[in-house]
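See structure below.
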Amino acid sequence: MSDFDNKLPVNSVVEMSIDPNHTTAFVSFTRPENGGMDMTYEKIMAALDENFISYGIQEDEIRKALDEKRYNENICAAKWTPPIDGIDGVIQYYFSKDKHIAPVEDEQGVVDFKNLGLINNIVAGTPIAEISFPTEGEPGTDITGKHVPQRVGTPAKYVVGAGTALENGDTQIVAKINGNLVFKNGGFVVEEKIVINGDVDVSSGNIEFIGDVTIKGNVFEGFRVVSKRSITIMGLVTSAEIIADGDVSIKIGLINSKLVSKGNVKVGFCENSSINSEGSVESPSFVGGEVFAGDKIIASGKGVMVGGKYTALNGIEASVIGSENYTKTIITLGNNAVLSEEREKLEKENTTMNEQVDQLGKILVTLADLAKKAKLSPEREQMQTDARRNRLRILNSVRANQRRIEEIDQALQLTQNLFVAVKRMIYPGVTLRINSSVLKVNSVENRVRAVVKGGDIAFVPL
């Protein structure tokens with residue numbers, strides 16, 4: 001008997017390795033020997049079943065390995081479906097949380113050292129942040145068929161501050177009011193009012209705010225305070241500009257400054273300043289400058305109005321108007337008075353423009369005579385063209401002024417029951433205009449009321 005006849009057949013054997021977390025299972029099978037039985041698909045499946053592997057079985061891979069007789073090679077027989085973790089919610093802010101006080105540079109690269117970006121104005125309805133919701137994710141399954149839990153996404157952390165709200169299905173934080181946008185205590189808030197605890201100067205820059213402004217100090221030369229609402233200044237305003245859509249209150253006073261208000265104005269004193277208010281203007285002392293009030297000018301307290309020009313549509317009250325030095329002081333009262341001043345200005349403009357029209361007409365006549373004799377030089381042709389164009393432009397302006405003069409003439413036919421009240425005295429040097437009537441005061445009058453009688457201004461006892 002030969003040695004070959006003594007060798008027994010050896011069947012192919014399956015071997016298995018399983019990941020401890022049951023995420024994968026690998027099988028390998030040996031080469032059969034001496035005519036032993038080869039590995040079969042059923043034997044591998046039985047081995048998987050014996051090891052409780054029932055999910056993610058790679059049938060195609062197993063069959064392929066058997067067909068290709070890939071002996072002693074690790075074949076992935078099963079693999080899990082890993083869980084899909086949820087995505088955390090995120091909040092994306094449209095504005096910087098950090099406040100940087102620095103000069104603002106415009107598109108041309110010019111740096112404005114008076115604009116330090118102290119205030120971040122925002123309008124109601126403006127989105128402040130975008131919020132994405134977290135996702136749940138999906139659980140996985142290991143190769144034994146057990147569920148593997150996923151990590152669920154966590155919501156974004158945010159604070160809905162004062163003056164803001166959640167909108168659009170809680171996916172946005174938006175401003176609910178107009179104001180100053182600031183980040184504090186973990187969230188953005190919109191402040192309707194701002195308070196500057198010191199002065200408006202190089203440390204603060206100009207103030208331009210959509211809400212109410214309170215300044216506890218002074219406003220210094222060259223700086224500007226602008227508000228879409230009211231402005232309150234506890235100190236002094238010197239050579240500065242104040243503009244408000246609401247009321248303005250300046251506790252100490254206004255010197256060499258410009259103030260524009262759509263509300264009422266109250267100042268401690270007004271010296272050599274311009275005030276234009278759609279409401280009333282009140283101060284104990286007006287010295288120099290120019291004041292216009294859409295309602296009344298009231299010199300309260302000591303009630304002095306000395307020098308300058310004062311115009312009000314509905315009334316003027318003061319204790320003293322003018323001075324012992326006969327300081328030139330112009331008092332204009334009533335809409336008709338304002339219209340009369342406008343009419344005078346337009347008449348003067350028309351007189352000047354008509355003179356220009358005459359001069360241009362003479363130039364055109366001269367050039368026309370020269371053109372009859374010889375062709376004009378290019379320079380004179382250009383002169384002729386410019387003269388015609390300018391003459392037409394000026395004539396159009398004259399006609400526009402004349403139409404406005406006619407409108408004013410019709411309005412001047414209306415009268416108003418207006419008066420200037422003087423509680424103590426009014427001095428020579430004062431010119432009174434009430435509607436279309438004018439009076440130059442030539443003697444001191446005490447405790448009187450200036451009214452219009454028979455078309456003339458007269459004083460009656462107060």
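The values are calculated or read from the model by the stated rules, or taken from the named source; none is laboratory data. In this text the structure is predicted, and so the values were computed from the model without any measurement. Please note: Cβ atoms are built from the backbone with ideal geometry, for glycine as well, and neighbour counts cover all protein chains shown. The accessibility values were calculated without ligands, DNA or RNA, using every heavy atom of the protein model including side chains. Shrake-Rupley method; radii C 1.70, N 1.55, O 1.52, S 1.80 Å.
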Report task. Being in contact with an Asp or Glu (Cβ under 6 Å, 6 or more places away or on another chain), of a type in the set (S, T, N, Q), touching a residue at least 12 places away in the same chain (Cβ under 8 Å) and not in a loop (DSSP other than H, G, I, E, B) narrows it down to one of Ser17, Ser12, Ser28, so name that one. Result -> Ser28
Report summary line: Scanning the range 195-216 for residues that are surrounded by fewer than 20 Cβ atoms within 10 Å (Cβ to Cβ) and not small (Gly, Ala, Ser), the one farthest from Arg229 (Cα to Cα) turns out to be Val202
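Going by the conditions given, is Val398 under 30 Å from Leu339 (Cα atoms), more than 46 Å from the chain's Cα centre (by Cα), open to solvent by less than 70 Å² (accessible area, probe 1.4 Å) and among the β-branched types (Val, Ile, Thr)?
In short, no.
Can you name the residue in the range 430-447 that is among the basic types (Lys, Arg) and either touching a residue at least 40 places away in the same chain (Cβ under 8 Å) or touching a Pro at 6+ places or on another chain (Cβ under 7 Å) (or both) and is also nearest to Ala458 (Cα to Cα) among such residues?
For the range 430-447, the residue satisfying everything is Arg433.
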Requested in this report: Specify which of the listed residues (Gly308, Gly301, Gly289) is open to solvent by 50 Å² or more (accessible area, probe 1.4 Å) and either charged (D, E, K, R) or over 20 Å from Ala411 (Cα atoms) (or both).
Outcome: Gly301
Report task. Could you tell me which of the residues Arg63, Arg70 is assigned to a helix (DSSP H, G or I) and more than 60 Å from the chain's Cα centre (by Cα)? Result -> Arg63
Report summary line: Taking the range 224-248 and keeping only residues that are open to solvent by less than 40 Å² (accessible area, probe 1.4 Å), of a type in the set (A, V, I, L, M, F, W, C) and part of a strand (DSSP E or B), one is left with Val225, Val226, Ile231, Ile233, Val237, Ile242, Ala244, Val248
Query raised in the report: Of everything in the range 432-462 that's open to solvent by 30 Å² or more (accessible area, probe 1.4 Å) and of a type in the set (S, T, N, Q), which residue is nearest to Phe292 (Cα to Cα)?
Result: Ser436
Query raised in the report: Looking at Asn314, Asn417, Asn390, Asn335, which one is exposed (fewer than 12 other Cβ atoms within 10 Å of the Cβ) and not basic (Lys, Arg)?
Result: Asn417
**Report entry** Residue match in the range 417-429 (condition: without any contact (Cβ under 8 Å) to a residue 60 or more places away in the chain and not hydroxyl-bearing (Ser, Thr, Tyr))
**Finding:** yes
Query raised in the report: Which of the residues belonging to the range 255-279 are assigned to a loop (DSSP other than H, G, I, E, B) and surrounded by fewer than 22 Cβ atoms within 10 Å (Cβ to Cβ)?
Result: Asn256, Lys262, Gly263, Asn264, Gly268, Phe269, Asn272, Glu278, Gly279
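How about the range 165-206: which of its residues are over 16 Å from Ile119 (Cα atoms), assigned to a strand (DSSP E or B) and out of contact with any Leu (no Cβ under 9 Å at 6 or more places or on another chain)?
Answer for the range 165-206, where residues must be over 16 Å from Ile119 (Cα atoms), assigned to a strand (DSSP E or B) and out of contact with any Leu (no Cβ under 9 Å at 6 or more places or on another chain): Ala165, Leu166, Glu167, Gly187.
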Report task. Filter the range 173-194 down to residues that are open to solvent by 30 Å² or more (accessible area, probe 1.4 Å) and more than 18 Å from the chain's Cα centre (by Cα), then give me how many there are. Result -> 3
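Looking at Leu418, Leu364, Leu392, which is the one that is of a type in the set (A, V, I, L, M), touching a helix residue (DSSP H, G or I) at 6+ places or on another chain (Cβ under 7 Å) and either closer than 30 Å to Gly301 by Cα or at pLDDT 90 or above (or both)?
On the way: Leu418 fails: touching a helix residue (DSSP H, G or I) at 6+ places or on another chain (Cβ under 7 Å); Leu392 fails: touching a helix residue (DSSP H, G or I) at 6+ places or on another chain (Cβ under 7 Å).
Going through Leu418, Leu364, Leu392 in turn, the sole match is Leu364.
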